[in-house]
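Visitor: Please see the structure below; I have some questions.
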Amino acid sequence: MSKGNAGGMLGVGGTRSKLSRGALRGAGGGARGGHGQPDPQDRRRELLRKFQERAEKD
């Protein structure tokens with residue numbers, strides 16, 4: 001008898017898509033990487049603006 005793959009789990013995980021380094025780090029533009037989130041630089045600017053507004057109120 002040959003050793004078949006009757007109970008094995010080989011090949012179950014599917015294929016792995018190749019992502020660029022930038023996409024892995026969250027660079028924008030891609031449908032997979034962005035997920036509708038704003039650019040990190042834009043988030044920083046918005047956060048800085050909020051802090052400055054709070055500082056002006058005090």
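Every number in this text was worked out from the coordinates using simple rules, so none of it is lab data. None of the values given here were measured: they were computed from a predicted structure. Here the Cβ is made from the backbone with ideal geometry for all residues, glycine too, and neighbour counts use every protein chain on show.
Visitor: Suppose R0 equals 22 Å; then what is the FRET efficiency for Leu48 and Ser17 from their Cβ-Cβ distance, rounded to the nearest 0.05? Don't jump to the answer; show the numbers that get you there.
Guide: Numbers: r = 35 Å, r/R0 = 1.59.
Approximately 0.05, to the nearest 0.05.
Visitor: Which ³J(HN,Hα) values, rounded to whole Hz and listed in residue order, are derived for the range 38-50 from phi using the Karplus coefficients 6.51, -1.76 and 1.60 in 6.51 cos²θ - 1.76 cosθ + 1.60 with θ = phi - 60°, glycine and proline given as x?
Guide: x, 4, x, 5, 5, 4, 5, 4, 5, 5, 4, 4, 5
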